Every structure is written in structure tokens, then in C-alpha cells.
């Protein structure tokens, strides 16, 4: 019988996968994908807690806010990545280590 | 009967989420990683659906699959590094990262399983959208308004940053 703990374990696995992606990848866009994994884990957590306890849909509202923030974060991060590519000709986060070109 | 269906869907979508998450993180081809991310986001939407949050499932598909993923694919294509994206070459780094995140995951799982599980009755009650809207404009109206301002600022900032200002 699937309960709240199953969902929490699933989201902790998803969070760990996203964290692994963030700290091992070099490409800035894959780092962004790892961030999306982490944000999805958090939002799935909120929805599961809403379902299994009686907090009157507050978790779903927070999850909606998380989705909006993730969308705006992706837009800004892609703009930054495009500027990095224009200035440095690559998007490896290791090699971009100077504030001034 | 309906609880068994719930279990079945949970295990199905949970396995899809874990496998496509691993493909997203480990694949060297960025386009394949983006496709795996597409499957993962859709499965999370399905998970929202079986948790009784239909509105959130629709928002997830609209915004994530329709917006964020398209942005990511555009970013991949505009930066021109589709194939053979380097991971960290050093094996020690990878090992340390795997051990660290594995330990973190194990810690979280032991913490979660230490507390009693919560299950619930057989019917899948969906959250009414009216309740969600009422919460948005009563209890959370300040955050709601601030997010509107944030989205405006983000739109202007992203357009200004991505523009080619050579003059």
C-alpha cells in the first residue's frame, strides 16, 4: 500500500539525482537541467504532503509558485548562457572564471 | 480495487521518473538528455494527476513541457554543443560526487522510514480548483502579487540581456 513515505523516498532519490547532475556536469545547460530535477522533487513533495495530510490545498499553491519561479529562473539562466556563449565561445562552467573579458 | 490501481500507477510512474532522471543526468548527448527531461516532466505531471491535483498537472505540462523545455532545447541549439558534452574527466571527482549524493540519499531515506507511514482511505479526492483560487487571492495574495511583479521584471530583464546590443 503506497503511502506518504513512498512519495518522500521517490522525491529524495530525484533530489539526489539532480544534485549529482549539478555538481558533476560542466555544461551550464545540464546544470540547469539538474536544477529542474531538484525543483520538481520539491514540488512533488509539496503535492504529496497536501494529499496525505489535511492542509487544505496550501501545498498545491506553493507548488504552483515553485513552477512559476522555475520558469522565470530558466528564462534568466538561458539569457545568461547565451551571453556567456557570445563572450567566451563556450558554456563550460569551469572555464568561465573571469568577471571581465 | 481503486487503491491497487493507485499503487500500480505509482510504481509505474516512479520507475519512469527514476530511469529518465538518471538518463537526464548521465547522458552525454544533450538532446537525449532533453528528451529524457521531457519524459520526466510528463511523469511528474502524471504523478500530480494521481495525487488529485489535476490543475497542477495541466500547469506542469503547459509551463514545463511547453515553455521551459523549449527554452532549454533552444539554448542547446544556440550554444552549439549537442554531442559529447564533457563530464568532469577526473574519475575521483565523479566517485566523490556519487558517494556524497548516495550518502545524502541514504540519510534522507533512513530519516523518512524512521517515522510512521501515512496512508489514506480508498477514494481519490481531487482538490477543487475553486479552493485553489480562493487560497490564491485570500491567504497567499501577497506572494501572488509579488510573483506577478517578478514575472514582469524577468520578462524585461531576459529580453534586455539576450538582445544583441552592439551599437
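What follows is calculated from the coordinates using simple rules that are stated; it is not laboratory data. As the structure is a prediction and not an experimental result, all values here were calculated from the model. Here the Cβ positions follow ideal geometry from the backbone for every residue, glycine too, while neighbour counts run over all protein chains shown.
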Chain A: helices (runs of 4 or more DSSP H) wholly inside it with 3 or more residues that are surrounded by 22 or more Cβ atoms within 10 Å (Cβ to Cβ) and more than 7 Å from every other protein chain (Cβ to nearest Cβ) are A:4-24, A:28-52
Single condition residue B:34 does not satisfy, out of (1) more than 22 Å from residue A:51 (Cα to Cα); (2) crowded, with 21+ Cβ neighbours inside 10 Å; (3) within 7 Å of another protein chain (Cβ to nearest Cβ):
(3)
In segment B:42-64, which residues are surrounded by fewer than 23 Cβ atoms within 10 Å (Cβ to Cβ), within 9 Å of another protein chain (Cβ to nearest Cβ) and under 14 Å from the mean Cα position of the chain (by Cα)?
B:59, B:63
